[in-house]
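A.B. asks: Please see the structure below; I have some questions.
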2 protein chains.
Amino acid sequence: MGVTKSALFSTTQNELAAYARVLAHPARIAIIQFLLKSETCCNTTLVGDLGLAQATISQHLKELKNVGIIQGTVEGVSVNYCINPEKWNEIKAMFTELFKGFNPPNCSIC
Amino acid sequence: MGVTKSALFSTTQNELAAYARVLAHPARIAIIQFLLKSETCCNTTLVGDLGLAQATISQHLKELKNVGIIQGTVEGVSVNYCINPEKWNEIKAMFTELFKGFNPPNCSIC
DNA sequence: TGATTTTATCGTAATATTGCAATGTATTTA
DNA sequence: TAAATACATTGCAATATTACGATAAAATCA
C-alpha cells in the first residue's frame, strides 16, 4: 500500500499528474521562472538566488530534467540549463486542455 | 530536514506549488475531469468510476476541498460535489500566467 | 602537475503521501 | 425505533519527498 495505482488511470491523467508533481514545489517553480526570464543559468547562480544548498538545487534540476522541462549543456566548468521549448509547449497544451473544460456556471447547486 | 523551506519563496510561488501538488495525482485529475463534464457527483459514483476504495476517494475529495477547487453540498444521505468556479478560474489564471512567460526560441544554446 | 571551481551522487534523517480496513456519524427508510 | 445508506475519520503500513553534508568527477587555472 501507499503506491499510486497508475493502472486505474489513463495515460493523459498519469502524465498530467506527473507534470503537476514536478511543478509542486516552490523551488522548482522559482527555477523555471528564473529560466523563463534569464534564458539560461547554472547551478551556482540558483544557489545564490534561491538560498538552498547546492546538492538540493542539483536534485531539483535533476527532476526538471527527468521530465524534459529543462536541458543542460556543459559550458566549461559549469552547466547551462535552459527551458526545452517543445516540452514546455507540450505541458502548456495539456494544462490548457484541462482548464478549457470548464464553462461556468456548470453547477446547479453552487 | 525534509521540510519544504517555504519562507525562501514568494507567496505566488508557494501558492502555485500548492495548487500543482493537488493536481499531482491521477485520481484527483480524474475526479476533476469527471466533475467538469458531469457537473456534480458524489463519493459513491466516484468509487464506482475510479475503482479506488471509498476511504481513499474521500481523502482525495478532502484535499481538493481544502484548496477550494471543489465544494460539497449535503443532499439527503449523499454529498454532491462540484467545481468552485471562482477558485477554478483563479488557479487557471495562475497557471496561464506561468506558461505565458515563454516566448520561444529564448535559448541561444538549445 | 596541483589547486580550484562547478556539478553530480551517495547516504541519511525528517516528514509527507498513498491506500485501505475498521469505525464513527448523520440522514433516510421501513 | 431499528436497519440501511452514504460519507468522514482514524490508524496503520508502505513508499515518496525534501534537505543537506560529505564525497566523487570533470574541467579550468596557476
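A.B. asks: Taking every pair of alpha-carbon atoms in chain A, give the share separated by more than 17 Å as a whole percent.
C.D. replies: Tail fraction, whole percent: 61.
A.B. asks: What are the label-to-label distances in nm, one decimal and shortest first, from A:Ser38 to the same spot in the other copies, with labels 7 Å along Cα to Cβ?
C.D. replies: Going from nearest to farthest copy, the values are 4.8 nm.
A.B. asks: Students often forget the sequence filter, so: which lysines lie under 30 Å Cα-Cα from B:Lys62 once same-chain residues fewer than 8 apart are removed?
C.D. replies: Straight-line reach from B:Lys62, under 30 Å: A:Lys5, A:Lys92, A:Lys100, B:Lys5, B:Lys37, B:Lys87, B:Lys92.
A.B. asks: Place the label 7 angstrom along Cα→C-beta at B:Asn66 and in each other copy, then list the distances from the first to the rest in nm, shortest first.
C.D. replies: 2.3
A.B. asks: Right, next: Quick one: if you stick a label point 7 Å off each Cα along the C-beta vector at B:Met94 and A:Thr44, how many nm between them?
C.D. replies: That separation, rounded to one decimal, is 3.5 nm.
A.B. asks: What is the Cα convex hull volume of region A:1-42 when expressed per residue in Å³?
C.D. replies: 97
A.B. asks: Starting from the Cα-Cα distance between B:Ser6 and B:Lys65, subtract it from 0.36 nm times their residue separation and give me the gain in nm to one decimal.
C.D. replies: Working it through step by step, the gained length comes to 19.1 nm.
A.B. asks: Now, a different point. What is the distance in Å between the Cα centres of region A:1-50 and region B:1-38?
C.D. replies: Using only Cα atoms to place each centre, the spacing works out to 11 Å.
A.B. asks: May I pose another question? Plugging the Kirkwood radius over Cα pairs into Stokes-Einstein for the protein assembly as shown, at a temperature of 37 °C and a viscosity of 0.692 mPa s, what D comes out in µm²/s?
C.D. replies: 176
A.B. asks: At a 10 Å Cβ-Cβ cut-off, how would you order A:Arg28, A:Arg21, fewest neighbours first?
C.D. replies: Ordered from fewest to most neighbouring Cβ atoms within 10 Å, A:Arg28, A:Arg21 come out as A:Arg21, A:Arg28.
A.B. asks: Follow-up question, since we're still on this one. Compute and list, largest first, the equivalent-ellipsoid semi-axes of region B:48-89 from the alpha carbon gyration tensor, each √(5λ) rounded to a whole angstrom.
C.D. replies: 19, 14, 9
Read the figures in this text as sums done on the coordinates, not as results from a lab. This structure is a prediction, so every number in the text was calculated from the model and none was measured. All Cβ positions, even for glycine, are placed from backbone atoms using ideal geometry, and neighbour counts span all protein chains on display.
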